[in-house]
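Please read the structure below before turning to the comments.
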Amino acid sequence: MINYVYQLVRPGIISIKYEDVCLGDEVIVKPTYMAVCHADQRYYLGKRDFNKLSSKLPMALIHECIGKVVHDPTGTYSVGDKVVLIPNIPPKSPSNVIYENYAKGSGFRSSGYDGFMREFVNLPVDRVVPYKCVKDSYMAITEFVSVGAHAINRFKKIAHSIKNSVGIWGDGSLAYTLACIIKKVFPGIKLTIVGKDAYKLSQFMFADDTFLAEDLPKDFNIDHAFECAGGEGSYYAIDDIIKHINPQGSVMLLGVSENKVAINTRDILEKGLTFIGCSRSGREDFENAVKYMQNETFAKRISRIIYEDKPVGTINDIHRVFQSDLNTPFKTVFKWNL
């Protein structure tokens, strides 16, 4: 079967690659909706190290995707079943200890491997998760929700039992998604959001408190924290967290920074803090994310950060989506008609 793959060959330039897909033992999925991630934008705009870009391009973008099954030789799914696609490519010998998203030898689609901007996608049967009864444009960001689900899973296993209050530093899409998950999983926790953008903070209506970073009270404190600022804001967020977190608190780091970040190790040692790096997610996290999304209240909250662009039917439409996303405060999703 001849497949069309829409690859980024250089920043801002997309070309079609034709490939022959063998109808072997993999599930064939027709993508229906996709979402743009900051990582996709960095590749599209060329905002990565030149050597890193050169080593990964040409490459199809997008790792947030849902679709419909068109062929499944394993008999697990029927034609037309709706599924979420998992971008992880786990190692051949999985570990019982190391998560698949951190394992040596693992890969990730749209980061060194072709992502989901294709006419059809062939995947092992364990790389898709079924869903029902949720609006497709909402489900397009399930991969993003799974990243938050992974962080919460690790938080539950690592953080000590005193969980009266949690702070999230950051006011973007990831911070919002994490806040939604925390309120669902730990409804009794006092949740505070610390950000830089007053408009974005206004969307966290379900949080107990919101503060602009410069207005954070000196006597403010929390038991645990999630850092979702990323970029140049990581330094200031981590520094704030160290100042305001209670002794032996856990700090979940999710913000991506291209540059090294200075950290106040003296106070980390003095307070006995635990820092945990969280990135991406695995199948279990996708399954939990689907469960979250199938909760009506959760899905309604998540919908507040979704902007649905016009359908993509041409290469020019792909360029339009990436340009539109630059002006979208949260998540951009679109129907895939290619």
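The values are calculated or read from the model by the stated rules, or taken from the named source; none is laboratory data. None of the values given here were measured: they were computed from a predicted structure. A quick note on method: Cβ atoms are made from the backbone with ideal geometry, for glycine too, and the neighbour counts reach across all protein chains shown. Quick note on the areas: whole protein, heavy atoms, side chains included, nothing else; ligands and nucleic acids left out. Shrake-Rupley method; radii C 1.70, N 1.55, O 1.52, S 1.80 Å.
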Among Pro73, Val9, Tyr199 the positive-end extreme of the charge dipole of the chain (Cβ point charges): Pro73
Ordered by residue, what ³J(HN,Hα) values in Hz, to whole numbers, does segment 224-230 give under the Karplus form 6.51 cos²θ - 1.76 cosθ + 1.60, where θ = phi - 60° and Gly and Pro are x? 9, 9, 10, 9, 10, 6, x
Ranked packing of 331-337, 164-170, most packed first, by mean Cβ within 10 Å: 164-170, 331-337
Debye equation applied to the C-alpha atoms of segment 26-86, log10 I(q)/I(0) at 0.12, 0.19 Å⁻¹: -0.42, -0.74
With springs only between Cα atoms under 10 Å, which of Leu191, Leu253, Leu269 fluctuates most in a Gaussian network model of the chain? Leu269
So for segment 237-338, what percent of the C-alpha to C-alpha distances run longer than 16 Å? 73 percent
Using 29 Å as the Cα-Cα cut-off, could you pick out the over-long pairs in Lys196/Lys300; Lys82/Lys300; Lys260/Lys300; Lys184/Lys243? Lys260/Lys300
What whole number of Å gives the distance from the Cα centroid of segment 130-170 to the Cα centroid of segment 286-313? 13 Å
Using +1 at the C-beta of Lys and Arg and -1 at the C-beta of Asp and Glu, which of His160, Leu338, Val21 has the Cα lying farthest in the positive direction of the dipole of the chain? Val21
So if the hydrodynamic radius of segment 166-290 is defined as the Kirkwood radius over C-alpha pairs, what does Stokes-Einstein give as its diffusion coefficient at 37 °C and 0.692 mPa s, in µm² per second? 221 µm²/s
Any idea what Rg and Dmax come out to for segment 66-200 if you just take the C-alpha atoms, in Å? 17.7, 51
If one compares the long axis through the Cα atoms of helix 173-185 with the longest principal axis of the Cα atoms of the chain, the angle in degrees, nearest 10, works out at 70 degrees
Report His38's accessible area, 1.4 Å probe, all protein chains in place, as a number in Å² to the nearest 10. 130 Å²
Rank by packing, highest mean first: peptides 177-190, 309-322, with packing defined as the count of other Cβ atoms within 10 Å averaged across residues. 177-190, 309-322
Work out the charge dipole of the chain with +1 on the Cβ of Lys and Arg and -1 on the Cβ of Asp and Glu about the Cα centre, then indicate which of Phe120, Ala229, Met34 is farthest towards its positive end. Phe120
